[in-house]
Amino acid sequence: MKTLANTLFLIFTIQLLSAQKIRVTYQMKYKPDSTQTATKENTLFLDIYDTNSSRFYAESLYKSDSIRNSGANPQSFSINFNNAVVKNNNSLKKYYRLLVDVYEVTTEMPQLEWKITLDKKKIGEYECQQATLKYKNRQWTAWFTQDVPISDGPSIFKGLPGLVVWVHDNKENYEFFLKQLSKDFYDPYKGVDFNSENFIKVNKDQLNKIYINYYLDPYKEAKMGKVKMNFVDEKGNEVKNINWNELAKNKQEVIKQNNNPIELSDAVKYP
C-alpha cells in the first residue's frame with residue numbers, strides 16, 4: 001500500500017513539473033520586532049514560470065490585485081509589498097510599497113553559498129536533505145527535496161538541487177514551510193509588464209533615504225492633501241483638530257518596531 005502511495009505521489013509530481021506554471025504555497029512565521037517574542041504568520045505564493053523565473057508575494061497582495069482586476073475596490077485588503085520578490089535569470093527585483101508609491105529595487109541574484117550536509121529526513125511526502133547558509137547576518141537551515149527538482153524557494157532562496165520545503169534561521173526570527181503545490185490557479189499578473197512606469201526605480205541607498213524621510217515626517221503627504229486620511233477617536237467619532245506632532249510620534253514608534261527584515265544587514269537605521 002505504501003509503495004502504491006509513493007508511486008501515485010511520483011506521478012502527481014511529474015504532472016506538476018510538466019505544467020507550464022507551478023504555484024508553491026508557503027506559510028511564513030516571523031517576528032516583526034527583534035526585541036520581542038511576539039510572532040505573526042502570513043501565507044505567501046511562489047509562482048514558478050520556468051527554470052529561470054519566479055514571483056514570490058503575499059497572499060494579501062494576490063487577493064487585492066485579483067479583486068482590482070475584477071473591477072472592484074481592493075482597499076479592505078492589507079498589501080505587503082515588502083514580500084514581493086521577482087527572480088528572473090540572474091536578476092533579483094524587490095518591490096516595496098510606501099503609501100501610494102511602489103518602489104522597485106533591482107540587483108544581481110546573490111550567489112548563495114549553500115553547504116549541503118548528509119542529514120536527511122522525510123517531511124510530509126517529501127524525502128528531504130539539509131543545507132545550511134550564512135547570509136546577511138543570519139544563519140539559515142534549509143530542507144530541500146529532489147522529488148521536485150526545481151532550484152527555487154521562498155524569498156531570495158534558490159540554488160539548491162531541489163525545491164525548498166522548509167527553511168528557518170537559527171534564532172527563530174523567520175520560518176517558511178511548504179503547504180501545497182498546485183498547477184491550476186488564477187494568476188492576476190498574467191500579461192502584466194513588470195517594467196511598468198508605475199514603479200519608481202531606486203537603488204537600496206535611495207530606498208533607505210526614502211524610508212528615513214518618511215519616518216521623520218510620516219504624515220507629510222496627508223498634511224499636504226496628497227493622501228486622504230480620516231482619523232477617529234476611541235468612540236469612532238471623526239477628529240477635526242488633528243495633533244500632527246502626537247500622531248507622528250506614535251507612528252514613529254510603530255515604524256521602529258518593524259526592525260527585523262529577512263536580510264538583517266539591510267535593516268533601516270532610523271535616527
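What the table below lists for this structure:
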quantity: Nearest-0.05 FRET efficiency for LYS136 and LYS115, computed from C-beta distance (R0 22 Å); calculated: 0.85
quantity: For peptides 145-156, 226-237, sequence by mean Cβ density within 10 Å, most packed first; calculated: 145-156, 226-237
quantity: Region 164-271, accessible surface, carbon-and-sulfur percent (1.4 angstrom probe); calculated: 47 percent
quantity: Rounded Å value of the spacing that divides the Cα centres of region 228-271 and region 123-180; calculated: 34 Å
quantity: Residues of region 83-125 with amide N under 11 Å of a point placed 7 Å along Cα→Cβ from LYS40; calculated: 83
quantity: Potential extension, ASN90-ASP33 segment - 0.36 nm per residue separation minus Cα distance; calculated: 17.4 nm
quantity: Relative packing of peptides 125-135, 109-119 - highest average C-beta neighbours within 10 Å first; calculated: 125-135, 109-119
quantity: Förster-model FRET efficiency, 25 Å R0, ILE255 and THR25, C-beta, rounded to 0.05; calculated: 0.25
quantity: Extended-chain gain in nm, criterion 0.36 nm per residue less alpha-carbon gap, ASN52 and VAL202; calculated: 51.6 nm
quantity: Per-pair calculated FRET efficiency, R0 = 30 Å: ASP101 and ASN230 via Cβ, rounded to 0.05; calculated: 0.90
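The values are calculated or read from the model by the stated rules, or taken from the named source; none is laboratory data. Everything numeric here is computed off the predicted structure, so don't read it as measured data. Please note: Cβ atoms are built from the backbone with ideal geometry, for glycine as well, and neighbour counts cover all protein chains shown. Heads up: the accessible areas ignore ligands, DNA and RNA and are worked out on the full protein's heavy atoms, side chains in. Shrake-Rupley method; radii C 1.70, N 1.55, O 1.52, S 1.80 Å.
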